[in-house]
Every structure is written in C-alpha cells, then in structure tokens.
1. With respect to the cross-link table entries 50/155; 12/131; 14/50, which display a Cα-Cα separation exceeding 19 Å?
2. When Lys and Arg each count +1 and Asp and Glu each count -1, what net charge do the other residues less than 12 Å away from residue 166, Cβ to Cβ, add up to?
3. Could you sort 128, 176 by accessible area so the largest value comes first, with the probe set to 1.4 Å?
4. Ranked from highest to lowest mean number of other Cβ atoms within 10 Å per residue, what is the order of the peptides 148-154, 53-59?
5. Taking the alpha-carbon centroid of each part, what is the distance from the stretch 1-52 to the stretch 141-193 in angstrom?
6. How large is log10 of I(q)/I(0) for the stretch 2-190 at q = 0.13, 0.16, 0.17, 0.19 Å⁻¹ when the intensity is taken from the Debye formula with one equal scatterer per alpha-carbon?
7. Any idea of the accessible area per residue across the chain, 1.4 Å probe, to the nearest Å²?
8. With a 10 Å cut-off between alpha carbons and a GNM built on the chain, which of 131, 12, 143 moves the most?
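The values are calculated or read from the model by the stated rules, or taken from the named source; none is laboratory data. Please read these numbers as outputs of a predicted model, since none were measured by experiment. Glycine gets a Cβ as well: all are built from the backbone with ideal geometry, and neighbour counts include every protein chain shown. Calculation scope for accessible area: heavy atoms of the full protein, side chains included, ligands and nucleic acids excluded. Shrake-Rupley method; radii C 1.70, N 1.55, O 1.52, S 1.80 Å.
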Amino acid sequence: MNLVFATHNQNKVKEVQALLPGNLSLLSLTDIGCTQEIPETGKTLEENAKLKADFVTQNYGFPCFADDTGLLVTQLQGAPGVYSARYAGEQANANDNMDKLLQELISAGDRSARFETVIALNLNNDQHLFKGTVEGEIIHEKKGKNGFGYDPIFKPKGYSKTFAEIPLDIKNKISHRGKAIHQLITYLNSLNL
Ligand code: IMP
C-alpha cells in the first residue's frame, strides 16, 4: 500500500520508510507530483498537521500523514509555538529566531520550554493524531553544531548538553518528533496492512 508523508524532504521519508512494515511504500509530496508548499494557516500544531494531511488526501486521493512541530516557551505563554519557523519574520533563519527568543527571555525567571510534534494520519476514511513532546529549558547562549532550528539553545530535561551537542541517534530517541513517529509506526504495525 502507498502512504504519503506530506513533506518534500526526501531524507525524512527515507528515515521513516526504514522503520515501516515492508508492504508499506512511503511517498513524498514530490513523488505524487505535488510541488507546491501546502499553506499552514492553522492556529495550532494539530490544525496544521490536519490541514496538510487533508490537503493531500482530498487533492490526490492517497492515505497520508503530516507532521507539525513547535517550540512552546512557558514564560511566553506557548510562543513561538505554531510560528516557530518564522518567529523573527517570514525571511528569518534559525539564527534570527534564536536571537529573538534569547532577547525575549533576557530577564525571564522561568526558562522552561518544550518541543511538541503532532502527526495527523488519514487512513481508511479515519483520522488519527499522535503527539510527542520533550521538556527542557532555553539556555542563555547557543551551544553545539548538530541539528537545526532551536537545537543550540534547547537543553532537554535530565541532560547537561543541548540538542545541538547530543549525537543525532540519541536526539531521535528522546525527541518530540522521534516519540510521535514511534507512536505512528507502532499503530501502523498493529494494523497488519
Ligand atoms: P516543522 O513543523 O518540522 O517544519 O518545524 C517547525 C519549526 O520548528 C522549524 O522550522 C524549527 O524552527 C523548529 N523545530 C522543529 N523541530 C525542531 C528540532 O528538532 N529542533 C529544533 N528546532 C526544531
């Protein structure tokens, strides 16, 4: 059976394909001829994940799953949240976003934060949601070269290093995305598709 992962990132597709039952073939958006960016206009991670999965199922007729991730900072009432990719503006890069967040938290007492990933799966006319979170804190300066996004300033709870200093295989085991993907795969495996 073909299952679409609503992403253009072929590396993400390969990573998840390796964990799926052999009779499931994962296709990317590019594989199904969808070259556009699907608009992410939702106000929550759930809404955006559902929007993306529904866009594919409605326009291309494939079973599909889509993910959306955000960094939720307690002192900022859950910001940047759904706006994590463009926190410092539409053209902003990861460094700009981290600089803005560090500035916002300059005198904050509470630096706790968490990453959340929501996956929406459309399969057999049903929708299932899976959620992964990792708690941690925003440190005062960037540390480490691995990873992407806010990794250099996010230190997961129970670790003395940031996500950008931790090897990728360990990050994948404890991360928001890793946990959400694990739930998705456990569910798909249980269906005997
Ligand atoms: P996306 O939904 O996976 O595209 O993630 C949205 C944004 O959240 C990204 O552009 C990053 O800024 C941030 N983000 C998502 N996952 C991570 C992560 O694992 N580490 C650091 N930042 C992340």
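1. 50/155; 14/50
2. On the way: positive: 143, 145, 155, 161, 171, 173; negative: 151, 165, 169.
Overall, the nearby charge balance is +3.
3. Values: 128 45, 176 5 Å².
Listed by decreasing accessible area, they come as 128, 176.
4. Numbers: 148-154: 21.4, 53-59: 18.6.
The peptides rank, most packed first, as 148-154, 53-59.
5. Cα centroid of the stretch 1-52 versus Cα centroid of the stretch 141-193: 18 Å apart.
6. Evaluating at q = 0.13, 0.16, 0.17, 0.19 Å⁻¹ gives log10 I(q)/I(0) of -0.70, -1.02, -1.13, -1.33.
7. On the way: 10020 Å² over 193 residues.
With the other protein chains kept in place, the chain gives 52 Å² per residue.
8. Comparing 131, 12, 143 in a Gaussian network model of the chain, the most mobile one is 12.
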